[in-house]
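The values are calculated or read from the model by the stated rules, or taken from the named source; none is laboratory data. None of the values given here were measured: they were computed from a predicted structure. Here the Cβ positions follow ideal geometry from the backbone for every residue, glycine too, while neighbour counts run over all protein chains shown.
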Amino acid sequence: MQLIPKLSLSCLTLVSGFVLIGAITSIEAASPQQAADQAKEHSSPFRVIRSQCGSKAITHGNEVQLQDPKNVFHVPEDHQIVVYFEWEGPPGSHHAVGSWRSPDGKVVLNSEFDLSSSGTRYIGTWTLAIPESIATGLWALEAQIDGQPAGTQTFEIVSTRAESAPPAPPPMPTASEIYQRAAAASVFVTSLDEDGEAISHGFGSFIDKGVVLTAFQVIDGATSLRVDFADGSQAAIHDVVAWNRSQDWAVLTVESQKVPPLEKAAPNSWKVGDLCYVLTSQGQGSRTIQNVNITGLQGTPPSQQRLTVSALGAGGVVGAPLLDGYGRIVGVLSGGLAGLGSPRMGTWARYIDPGEMTAAIADLTALPIAAIPQAAWSQQTTTFADLAAKGVLITPLVRDPQAAVGQLCDDFQKFHGQAILPVRARNEFSRKQGEFALVITWGPSQKLKGMQQLRIYDADNHAIAQTAPAKIELQPHVTAYSAWKMPLGSFQQGIYRVDLLLEGKPQWRGFFRLSD
């Protein structure tokens with residue numbers, strides 16, 4: 001706190017017997033400090049006749065009159081404190097000092113001047129400008145003349161400012177209002193193959209002007225995308241701005257000047273147990289809203305921590321926004337969505353998180369929006385053709401696969417020289433087993449002749465192993481079998497994908513987890 005003294009401290013020295021103009025009421029009772037100081041005055045030749053304080057003073061010649069004598073000052077209404085003293089003392093030249101003492105007992109300012117009179121009556125005033133930051137409580141001006149106590153005037157400073165309260169939270173919107181905003185800011189995203197046929201469907205949401213967030217699995221394998229807006233209009237997308245396979249998100253640039261983006265929730269503004277909302281769909285372009293709760297956390301690198309969300313009663317929510325009670329986007333529903341994998345892409349849920357393959361994989365999860373760097377949507381776009389050429393995208397299964405059933409297993413047995421049956425079918429293996437087996441049952445609808453082959457991919461879509469091509473000939477409506485055994489010794493623990501290729505095109509796809 002900085003006190004600002006007014007340097008117009010005045011000293012009026014008057015001859016004995018001069019009458020003060022105006023009636024000024026003296027203080028009614030001395031404080032304990034005043035009484036103690038006055039008790040000391042027997043050692044000082046100066047005696048206090050009167051002391052007062054106020055906020056305004058008028059000078060008439062050699063006299064001073066306080067217009068509003070008072071002992072309580074209010075901040076910020078009052079702007080100064082004027083303390084008036086009248087003494088009786090010996091004629092001559094003297095030196096006066098006034099010490100302003102704050103409520104904590106510290107002297108925060110000294111003001112001084114000289115007195116000179118041929119008489120015995122002296123008047124002095126001290127003026128203090130009140131800063132806005134002054135401490136409230138009981139203050140005092142302690143006067144000394146020639147080093148001896150010459151009286152103490154106490155006064156109180158109080159604040160009339162209302163205590164600053166934290167800003168009131170914004171009014172909570174209704175579920176209907178949240179639905180209207182989210183539905184307007186949402187789009188349906190359909191991935192298309194080279195023939196314009198649908199591969200998979202999902203949601204997307206505008207999170208910035210012309211920027212749509214969805215799940216990577218929605219765009220995986222696409223040659224292009226079709227985006228359907230809430231007003232029924234459509235747009236074709238041939239490239240992507242940014243993506244992350246393991247975290248399962250993708251950012252698209254979608255030109256639309258009229259779609260208001262969703263507000264993003266602050267990082268860690270959510271907590272387990274919070275009531276949230278998600279958009280779902282009943283098909284035919286419908287958008288519905290559903291209450292969910294954040295029920296926990298899960299996830300391991302490289303997929304990052306995810307929010308576990310209570311199960312939904314409707315499907316088709318992959319890529320949809322998870323919204324808090326104010327309609328702000330908390331995250332994107334993505335990895336770990338059991339049963340939402342596209343038939344032409346395989347069951348993504350068994351591929352997204354190398355650390356989660358058991359019961360937790362059936363839970364709905366959302367990647368927090370804060371995990372997606374905002375710089376991601378200012379990058380240059382990359383076409384789907386370039387991504388496919390670099391091996392970023394998984395090749396979708398053919399539209400009319402001839403492989404009817406495939407089963408990963410420990411072993412297989414042949415019956416009657418033709419049928420092959422799996423032994424101990426499973427999707428989890430240990431490297432100690434040394435190998436795993438795959439049995440394919442073909443149900444061809446047409447005559448086919450070509451080369452079949454297995455190819456194994458890691459979680460980053462890198463081909464790490466394959467079998468030698470083998471000839472196969474299929475007859476319409478005649479069941480046929482293929483079987484392989486693959487060594488596991490060189491594989492690290494994690495999630496792997498197995499593709500069955502016929503003439504280089506995937507006919508069947510499966511996933512398995514490998515542990516030590």
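Details
- Single unsatisfied condition, T288 versus (1) buried (at least 16 other Cβ atoms within 10 Å of the Cβ); (2) modelled with pLDDT under 95; (3) β-branched (V, I, T): (1)
So that you can scan it fast, the table gives a plain yes or no per residue for (1) modelled with pLDDT of 90 or more; (2) assigned by TED's automatic domain parsing to the domain that holds L502; (3) within 29 Å of the chain's Cα centre (by Cα); (4) within 30 Å of P170 (Cβ to Cβ):
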{"site": "L322", "(1), (2), (3), (4)": "yes, no, yes, yes"}
{"site": "R328", "(1), (2), (3), (4)": "yes, no, yes, yes"}
{"site": "S334", "(1), (2), (3), (4)": "no, no, yes, yes"}
{"site": "Y351", "(1), (2), (3), (4)": "no, no, yes, no"}
{"site": "T365", "(1), (2), (3), (4)": "no, no, yes, yes"}
{"site": "Q380", "(1), (2), (3), (4)": "no, no, yes, no"}
{"site": "D410", "(1), (2), (3), (4)": "yes, yes, no, no"}
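- Failed condition for F216, given (1) in contact (Cβ under 8 Å) with a residue 40 or more places away in the chain; (2) more than 30 Å from T382 (Cβ to Cβ): (2)
Here is a yes/no grid of residues against (1) within 16 Å of A140 (Cα to Cα); (2) crowded, with 16+ Cβ neighbours inside 10 Å; (3) at pLDDT 85 or above:
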| residue | (1), (2), (3) |
| --- | --- |
| L14 | no, yes, no |
| T25 | no, no, no |
| E41 | no, yes, no |
| S51 | yes, yes, yes |
| Q65 | no, yes, yes |
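- Residue pairs whose Cβ atoms lie under 6 Å apart, separated by 6 or more positions or on different chains, with the first residue in the range 265-286 and under 11 Å from I329 (Cβ atoms) and the second of a type in the set (D, E), are A265/D324; C276/D324.
- On the stretch given as the range 50-85, residues that are out of contact with any Leu (no Cβ under 7 Å at 6 or more places or on another chain) and either assigned to a strand (DSSP E or B) or closer than 18 Å to I145 by Cβ (or both) total 14.
- Matching entry among I199, I237 (being surrounded by 21 or more Cβ atoms within 10 Å (Cβ to Cβ) and over 21 Å from P343 (Cβ atoms)): I237
- Selection status of E156, assigned to a strand (DSSP E or B), buried (at least 20 other Cβ atoms within 10 Å of the Cβ) and touching a residue at least 24 places away in the same chain (Cβ under 8 Å): no
- Figure legend. Inter-residue proximity from the range 483-507: first residues among the polar types (S, T, N, Q), second residues in a strand (DSSP E or B) and at pLDDT 95 or above, beta-carbon distance below 8 Å, spacing 6+ or different chains. Indicated pairs: Q507/L500; Q507/L501.
- Filtered residue count, the range 219-243, keeping only those that are part of a helix (DSSP H, G or I) and within 19 Å of A182 (Cα to Cα): 0
- Some residue of the range 116-134 being in a strand (DSSP E or B) and at positive phi: no
- Residue count for the range 383-409, restricted to those that are among the polar types (S, T, N, Q) and closer than 17 Å to S191 by Cβ: 2
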